[in-house]
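The values are calculated or read from the model by the stated rules, or taken from the named source; none is laboratory data. Remember, predicted model here, so these are calculated numbers, not experimental data. Heads up, the Cβs are rebuilt from the backbone with ideal geometry, glycines too, and the neighbour counts pull from every protein chain shown.
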Amino acid sequence: MGNPDASRKPFHRRLLSHFLTIVVAYLLVLALVRMFESHLIFFPNYPGRLDGDWHPRGLNVEDVWLTASDGVKLHAWWIPGDKARFTFLAFQGNASNIANRALIYEFLRSTPANVFALEYRGYGHSEGKPSEAGVYRDAEAAYEYLVNAKGTDPKAIICFGQSFGTAVATHLAAHRQVAGVVLEAPFPSASRVAHKVFWFLPGVSLLVHGQLDTQARLKEIRAPVLIIHCSQDPVIPFQFGQEVYDAALPPKHFLQINGYCHEESSLIAPTQYRTALQEFLTRAWEAGVSAPQRSDVR
């Protein structure tokens, strides 16, 4: 009779070979995710870097140029509002440019308020290449421009972020004095998103280098916070908005927009959105009047 081990060894070897192939493929995919992480976060050329209406009719837009602390030249829009108490420092999502968001800025201006819309490095007319550290510097440069060049009172600045921009807005508000923070379609952190998107890759969230940790930053913010999220958001799950709200300190408010939308809440439900925003601004104004001036947290 033949040796029974002789027939088992080839099977064991094949099994081991398949296992090693799967492990190597898995590690390769993780390495590619890490290597191209920035390309999975930033989309400055979608649909086109300079696509859009750069001179929107009916919107008084002033082109502004400023320089980040590392020397990168940035582009922004200054949109003055009539009888404005507040200035929205607006941070866009991770795709396209500010020219494609004119309707949103027009809506914010109508509250009424001024709008200062920053274009991240590598986006639109801004120079440089986008990175997490870089966009934080860009946000700080925009804030310093408002305070120093425009003479804006920090207690009149509202950080307004949409999608990716919510992480930028909360990071700035955690390190600078602001009157309030408005987050539309926020997400808890980059690792949380990675876990959701790459659910089929166990451990991928541990390899995400970028933080974009909105939840952590919210624990450092004492200003009023307004969270806005569409119930059927196709990009950032509604659950993420609830998680972000839970992480925020009071005073805080949550506005649910019923419908299928992502960054278009103000266009889908303008009356509901405007009412909530104006009530929020009233509370922020009352809080700002009674609050003492604080030193910036660096």
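Restricting region 142-166 to residues that are surrounded by fewer than 21 Cβ atoms within 10 Å (Cβ to Cβ) and of a type in the set (G, A, S) leaves a set whose member that is nearest to A68 (Cα to Cα) is A149.
Checking A247, A190, A174, A194 one by one, the residue that is at pLDDT below 95, surrounded by fewer than 24 Cβ atoms within 10 Å (Cβ to Cβ), of a type in the set (A, V, I, L, M) and touching a helix residue (DSSP H, G or I) at 6+ places or on another chain (Cβ under 7 Å) is A194 and no other.
For W78, the criteria (1) at negative phi; (2) surrounded by 19 or more Cβ atoms within 10 Å (Cβ to Cβ) hold in every case but one, which is (2).
The number of residues in region 231-274 that are under 21 Å from F88 (Cα atoms) and under 16 Å from the mean Cα position of the chain (by Cα) comes to 8. The set of residues from region 226-242 being within 23 Å of L281 (Cα to Cα) and either modelled with pLDDT under 95 or buried (at least 17 other Cβ atoms within 10 Å of the Cβ) (or both) comprises L226, I227, I228, H229, C230, G241. Cβ separations smaller than 7 Å between residues 6+ apart or across chains give the following pairs from region 101-122 residues that are over 15 Å from H55 (Cα atoms) and part of a helix (DSSP H, G or I) to residues that are modelled with pLDDT of 95 or more and of a type in the set (V, I, T): L108/V115; R109/I79; R109/V115.
Of all the criteria given as (1) out of contact with any Leu (no Cβ under 8 Å at 6 or more places or on another chain); (2) modelled with pLDDT under 95, the one not satisfied by S163 is (2).
If you filter region 81-97 down to residues that are modelled with pLDDT under 95 and under 23 Å from P186 (Cβ atoms), you find that the one that is surrounded by the most Cβ atoms within 10 Å (Cβ to Cβ) is N97. Please work out if E286 is over 19 Å from Y105 (Cβ atoms), part of a helix (DSSP H, G or I) and modelled with pLDDT of 95 or more. No, not satisfied. Within region 177-187, being of a type outside the set (A, V, I, L, M) and either touching a Phe, Trp or Tyr at 6+ places or on another chain (Cβ under 8 Å) or modelled with pLDDT under 95 (or both) holds for G180, E184, P186, F187.
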